[in-house]
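Q: One structure follows; several queries about it will come next.
The values are calculated or read from the model by the stated rules, or taken from the named source; none is laboratory data. As the structure is a computational prediction, the values presented were derived from the model and not from experiment. Methodologically, a virtual Cβ is constructed for each residue, glycine included, from the backbone with ideal geometry; neighbour enumeration extends over all protein chains shown. Just so you know, the surface numbers come from the protein's heavy atoms only, side chains and all, with ligands and any DNA or RNA stripped out. Shrake-Rupley method; radii C 1.70, N 1.55, O 1.52, S 1.80 Å.
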Amino acid sequence: MSAEIGKNLLLFFSNSKVKIISVLHESKNIGYLILWELSNYTFVEHFEVFTEYRSQKLGSYITGYLFENHPRIILEIEPDHLGEDAKRRYAFYQRNGFNLIDEMYVQPSYGKDKKPLDLWLLANYTPENLQDVKDEIYDIVYH
């Protein structure tokens, strides 16, 4: 691991706004979540159920946990026209209480050799000021 990656991971893990949750089912690690507790909502930066545990309704249980513990949730996904996986992911989030709130969202680059991505923002509520939400995500998560 390069010194720069190690430094970035240390900053990430020491940020009090970040929560990394390992998801267990029957004593097995089946996935993980990376959550950012921001001003008045939780931003889900990453939600993954490992491939071998998909299509077992476990993702729905995880979203249930999220809703119980984080009443206002925002997350980003690939637009559904990018392929079958993106379409399936969007349908999953719709079934589990999320609505599309922005089709023009751009995820900033994660590094100098990476490009920004055109994504969608979804939420389980309607934010009062979407631009403030996006600005906060850019300033805190992707600074």
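Q: Taking region 42-57 on its own, how many of its residues are of a type in the set (A, V, I, L, M, F, W, C) and open to solvent by less than 20 Å² (accessible area, probe 1.4 Å)?
A: Our first condition is that a residue be of a type in the set (A, V, I, L, M, F, W, C); within region 42-57, this holds for 43-44, 47, 49-50.
Right, trim to open to solvent by less than 20 Å² (accessible area, probe 1.4 Å) and you get 43-44, 49.
Counting residues in region 42-57 that are of a type in the set (A, V, I, L, M, F, W, C) and open to solvent by less than 20 Å² (accessible area, probe 1.4 Å) gives 3.
Q: Here's a follow-up. Please tell me if residue 77 is within 24 Å of residue 29 (Cα to Cα) and modelled with pLDDT of 95 or more.
A: Values: within 24 Å of residue 29 (Cα to Cα): yes; modelled with pLDDT of 95 or more: yes.
When the stated conditions are applied, residue 77 passes them.
Q: Return yes when residue 135 is out of contact with any Phe, Trp or Tyr (no Cβ under 9 Å at 6 or more places or on another chain), open to solvent by 50 Å² or more (accessible area, probe 1.4 Å) and within 28 Å of residue 27 (Cα to Cα) and no when it is not.
A: Numbers: out of contact with any Phe, Trp or Tyr (no Cβ under 9 Å at 6 or more places or on another chain): yes; open to solvent by 50 Å² or more (accessible area, probe 1.4 Å): yes; within 28 Å of residue 27 (Cα to Cα): no.
Answer is no for this residue.
Q: Which residues, counting only those in region 1-41, are at pLDDT 90 or above and open to solvent by 80 Å² or more (accessible area, probe 1.4 Å)?
A: 24, 26, 27, 28, 39, 40
Q: Looking at 57, 112, which is the one that is over 24 Å from residue 28 (Cβ atoms), of a type in the set (Lys, Arg) and free of Cβ contacts under 8 Å to residues at least 12 places away in the same chain? First the steps, then the outcome.
A: On the way: 57 fails: over 24 Å from residue 28 (Cβ atoms).
Testing whether each residue is over 24 Å from residue 28 (Cβ atoms), of a type in the set (Lys, Arg) and free of Cβ contacts under 8 Å to residues at least 12 places away in the same chain leaves just 112.
Q: How many of the residues in region 120-131 are surrounded by fewer than 19 Cβ atoms within 10 Å (Cβ to Cβ) and closer than 16 Å to residue 106 by Cβ? Write out each step before concluding.
A: Going through region 120-131, the residues surrounded by fewer than 19 Cβ atoms within 10 Å (Cβ to Cβ) turn out to be 125-131.
From what is left, the residues that are closer than 16 Å to residue 106 by Cβ are 130-131.
Residues in region 120-131 being surrounded by fewer than 19 Cβ atoms within 10 Å (Cβ to Cβ) and closer than 16 Å to residue 106 by Cβ: 2 in total.
Q: Now, a different point. Out of curiosity, is residue 29 without any contact (Cβ under 8 Å) to a residue 24 or more places away in the chain and either among the hydrophobic types (A, V, I, L, M, F, W, C) or closer than 20 Å to residue 15 by Cβ (or both)? Break it down stepwise before answering.
A: On the way: without any contact (Cβ under 8 Å) to a residue 24 or more places away in the chain: yes; either among the hydrophobic types (A, V, I, L, M, F, W, C) or closer than 20 Å to residue 15 by Cβ (or both): no.
The answer is no for residue 29.
Q: Can we say residue 124 is out of contact with any Pro (no Cβ under 9 Å at 6 or more places or on another chain) and polar (S, T, N, Q)? Spell out how you get there, then give the answer.
A: Numbers: out of contact with any Pro (no Cβ under 9 Å at 6 or more places or on another chain): no; polar (S, T, N, Q): yes.
Criteria not met by residue 124.
Q: Residues 47, 67: which one is closer than 16 Å to residue 93 by Cβ and in contact (Cβ under 8 Å) with a residue 40 or more places away in the chain? Show your work before the answer.
A: On the way: 47 fails: in contact (Cβ under 8 Å) with a residue 40 or more places away in the chain.
Testing whether each residue is closer than 16 Å to residue 93 by Cβ and in contact (Cβ under 8 Å) with a residue 40 or more places away in the chain leaves just 67.
Q: If you don't mind, another one. Pull up region 58-112, narrow it to residues that are acidic (Asp, Glu) and crowded, with 17+ Cβ neighbours inside 10 Å, then point me to the one that is farthest from residue 38 (Cα to Cα). Walk me through how you get there before you give the answer.
A: Keep residues of region 58-112 that are acidic (Asp, Glu), which gives 68, 76, 78, 80, 84-85, 102-103.
With the extra rule that they be crowded, with 17+ Cβ neighbours inside 10 Å, the set shrinks to 76, 78, 80, 102.
Values: 76: 15, 78: 22, 80: 26, 102: 18 Å.
That would be 80.
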